[in-house]
Amino acid sequence: MDTLIPAPVSASPAPAEDFAVTAATAVHATDDAAPVAEHLAEVLRAGTGHPVPVLAGPAPGGAIALVLDAAAVPHPEGYRLSVTSRSVTLTGSTPAGLFAGVQTLRQLLPARAGTEWVVAGGEVRDQPRFAHRGAMLDVSRHFYTVAEVKRFIDQIAQYKLNVLHLHLTDDQGWRIEIRSWPRLATHGGSTQVGGGTGGHYTQEEYRDLVAYAASRHVTVIPEIDVPGHTTAALASYPELNADGVAPELFTARGNATGFSSLATGKEVTYRFVEDVLREVAALTPGEYLHLGTDETHATPEEGRLEFIDRVLPIVARLGKSVIGWHELLRSPGLPVSAVPQYWGRESSDPLMAAAVARGNRVLLSPAHKVYLDMKYDLSTPIGYKWAGCIDVADIYDWDPGTYMDGVPETAVLGVEGPLWSETLTSYADVEYMAFPRLAALAEVTWSPWSTHDWPGFAARLAAHGPRWEAQEVNFCRSPQIAWST
Ligand code: TNX
């Protein structure tokens, strides 16, 4: 109980009440709780080798029970977990709450598999601080396979993150099949940074990823970055270029300024954007489409404003809400449903404060705090340092609820850690940059500020090293942490 991450609202350990998982242990659940029960049973089977059946109906003594009870747990993602030597009872008002509780239960089990697995006894009450707890994976600069993205989903879900923002398009690669514009994927997705073969997700594969994420209570937010960061599209269709000439595919790392743009003055551009967004929206059950809109230095400002004015109603007609990087705020007349994602390094931004005053909610991703592609320190072999080095204490030590002037906690929808992949040539590199920092980000987004305590966190985090070793996660052994062996 004293190594949980993110820290729960409250935990009362009862060391005499440890619960042993044995060959006789079953998980009991009623209808809507059954999929979460099955997920827990799989974890217990893998850890113990015991059969761990999932059974319908109320639990007899000696069992693990998953109970849906809205009256007992007011928050939709909250849960109550009670572990005694006789039984384990996990109560939530929704399957999402139960799923969060299962992640806590997993952390109460030993790091390594064994036939006598014991759940630490005691009682936990918990609920999240912010609704949107996200990680962004850039699959454009380097492509990651469906299996790798699923592993990432499993990894973030274990820390109670509930949003996966997929950066699907950029100069170096278009990563999702669009049936009405097939060359986007077949040509635009055919390479990546460094000139490798790249890749893309077919619509079936993307659907499968979205469904897999949903089974882990993670919502996928697809990003189609427009009108800048579009070389992969421009190379695939000459008509999207202002001069009608398709550029070569782009395989360099690029610079942080943005050098490509859709032709905002051409009608074909709007047909293109509408077709793409219609197909992506149809594959995406979540509320949001992310339009990027960042770093449009190659787009004349007037054209950029016209572009956004014309694209916002397309998204609305598709029944979705817009997220964009905070450059979106340069457009007047954004709907209150639009969510700017702030990646700046200032704690004061007049456009952010004005949007909040109008009623918009915001996502916070301040680059010098949560950019997961920044180096830990100057010795980190991969990553960037333009926003500074970010070690575990840096990502841990800020309060999203008070971080920006004019942006009170109630206006903060949540926090996202973006993992840009220019320098990450393999999934092992993704893990190295994500862990352990994602655990710190999870605590910043989930745990009440009253639990915030760096020495305490650092001590708890040390105990997660052996868990990652057992799961073969390539994590960075930051010298800030006295890793357990
Ligand atoms: C800035 S942050 C970018 C990305 C790069 C990243 C590298 C933002 C909205 N744009 O295109 O990948 O820096 O750190």
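The values are calculated or read from the model by the stated rules, or taken from the named source; none is laboratory data. What you see is a predicted model, and the numbers here were worked out from it, not measured in a lab. Counting neighbours? That spans all protein chains shown, and the Cβs are built from the backbone with ideal geometry, glycine included. Surface areas here come from the heavy atoms of the whole protein model, side chains and all, with no ligands, DNA or RNA. Shrake-Rupley method; radii C 1.70, N 1.55, O 1.52, S 1.80 Å.
To keep it simple, each residue is scored yes or no on (1) part of a helix (DSSP H, G or I); (2) touching a strand residue (DSSP E or B) at 6+ places or on another chain (Cβ under 8 Å); (3) not assigned by TED's automatic domain parsing to the domain that holds G78.
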residue	(1), (2), (3)
T3	no, no, yes
A20	no, yes, no
A23	no, no, no
A46	yes, no, no
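Restricting to the range 328-338, name every residue that is more than 14 Å from the ligand (Cβ to nearest atom), in contact with a strand residue (DSSP E or B) (Cβ under 7 Å, 6 or more places away or on another chain) and in contact (Cβ under 8 Å) with a residue 24 or more places away in the chain. If you could, list the steps in order and put the result at the bottom.
First pass over the range 328-338, keeping only residues more than 14 Å from the ligand (Cβ to nearest atom): 331-338.
Within this subset, residues satisfying the condition of being in contact with a strand residue (DSSP E or B) (Cβ under 7 Å, 6 or more places away or on another chain) are 337-338.
Hit for the range 328-338 is A338, nothing else.
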Scan of the range 75-93 for residues that are open to solvent by 10 Å² or more (accessible area, probe 1.4 Å) and either assigned to a loop (DSSP other than H, G, I, E, B) or not assigned by TED's automatic domain parsing to the domain that holds A24 (or both), ordered by number:
H75, P76, E77, T84, S85, R86, S87, S93
The one condition H217 fails out of (1) in a loop (DSSP other than H, G, I, E, B); (2) loosely packed, with under 15 Cβ neighbours inside 10 Å is (2)
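Is it the case that some residue within the range 259-266 is crowded, with 18+ Cβ neighbours inside 10 Å and part of a strand (DSSP E or B)?
Just the residues of the range 259-266 that are crowded, with 18+ Cβ neighbours inside 10 Å, to begin with: 260-264.
From what's left, part of a strand (DSSP E or B): 261.
Yes, the range 259-266 contains a residue that is crowded, with 18+ Cβ neighbours inside 10 Å and part of a strand (DSSP E or B).
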Selected residue (criterion: most open to solvent (accessible area, probe 1.4 Å)) from residues of the range 441-485 that are in contact with a Lys or Arg (Cβ under 9 Å, 6 or more places away or on another chain) and assigned to a loop (DSSP other than H, G, I, E, B):
W483
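Could you tell me whether the range 163-176 includes any residue that is touching a residue at least 12 places away in the same chain (Cβ under 8 Å), open to solvent by 20 Å² or more (accessible area, probe 1.4 Å) and outside any strand (DSSP E or B)?
Residues of the range 163-176 that are touching a residue at least 12 places away in the same chain (Cβ under 8 Å), as a first pass: 163-176.
Subsequent filtering for residues that are open to solvent by 20 Å² or more (accessible area, probe 1.4 Å) retains none.
No: zero hits.
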Filter result for A235 (touching a residue at least 12 places away in the same chain (Cβ under 8 Å), over 29 Å from Y384 (Cβ atoms), in the same structural domain as Y159 (by TED's automatic domain parsing) and aliphatic (A, V, I, L, M)):
no
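May I ask you to say which residue of A65, A96, A70, A16 is surrounded by fewer than 16 Cβ atoms within 10 Å (Cβ to Cβ) and touching a Pro at 6+ places or on another chain (Cβ under 9 Å)? Working first, answer last.
Details: A65 fails: surrounded by fewer than 16 Cβ atoms within 10 Å (Cβ to Cβ); A96 fails: surrounded by fewer than 16 Cβ atoms within 10 Å (Cβ to Cβ); A16 fails: touching a Pro at 6+ places or on another chain (Cβ under 9 Å).
The conditions single out A70.
For the range 105-152, give me every one of the strands (runs of 3 or more DSSP E) that falls completely inside it and has 1 or more residues that are hydrophobic (A, V, I, L, M, F, W, C), more than 13 Å from the chain's Cα centre (by Cα) and surrounded by 22 or more Cβ atoms within 10 Å (Cβ to Cβ). Break it down into steps so the answer makes sense when it comes.
Details: elements: 117-119, 122-126, 132-138.
Filter on the range 105-152 gives 117-119, 122-126.
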With respect to V356, determine if the residue is touching a Gly at 6+ places or on another chain (Cβ under 7 Å) and farther than 20 Å from E267 by Cβ.
yes
Quick check on the range 31-50. Is at least one of its residues at pLDDT below 95 and touching a Lys or Arg at 6+ places or on another chain (Cβ under 7 Å)?
no
Residues of the range 38-59 classified as in contact (Cβ under 8 Å) with a residue 24 or more places away in the chain, at negative phi and open to solvent by 40 Å² or more (accessible area, probe 1.4 Å), total:
8
List every residue pair whose Cβ atoms sit under 7 Å apart, with the two residues 6 or more apart in sequence or on different chains, where the first one lies in the range 371-394 and is at positive phi and the second, anywhere, is assigned to a loop (DSSP other than H, G, I, E, B) and hydroxyl-bearing (S, T, Y).
G383/T423
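When the residues of the range 177-201 are narrowed to those that are within 15 Å of the ligand (Cβ to nearest atom) and not in a loop (DSSP other than H, G, I, E, B), which ends up nearest to the chain's Cα centre (by Cα)? Step through it out loud before you land on a result.
In the first step, residues of the range 177-201 are kept if they are within 15 Å of the ligand (Cβ to nearest atom); the result is 192-194.
Then drop every residue that is not not in a loop (DSSP other than H, G, I, E, B), which leaves 193-194.
Values: V193: 23, G194: 26 Å.
The selected residue is V193.
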Those helices (runs of 4 or more DSSP H) lying entirely in the range 340-440 with at least 1 residues within 13 Å of the ligand (Cβ to nearest atom)
367-370, 427-434
Looking at the range 281-299, is at least one residue closer than 18 Å to T257 by Cα, in contact with a helix residue (DSSP H, G or I) (Cβ under 7 Å, 6 or more places away or on another chain) and open to solvent by 70 Å² or more (accessible area, probe 1.4 Å)?
no
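Is it the case that the range 341-348 has a residue that's at pLDDT below 95 and not aliphatic (A, V, I, L, M)? Break it down into steps so the answer makes sense when it comes.
Here is the first cut: in the range 341-348, the residues at pLDDT below 95 are none.
No, the conditions are met nowhere in the range 341-348.
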For the range 282-327, the count of residues that are assigned to a helix (DSSP H, G or I), free of Cβ contacts under 8 Å to residues at least 60 places away in the same chain and within 16 Å of the ligand (Cβ to nearest atom) equals 3
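Each row is one residue, and each column tells you yes or no for (1) of a type in the set (F, W, Y); (2) within 24 Å of T296 (Cβ to Cβ); (3) open to solvent by 20 Å² or more (accessible area, probe 1.4 Å).
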site	(1), (2), (3)
G333	no, yes, yes
L351	no, yes, yes
A387	no, yes, no
D391	no, no, no
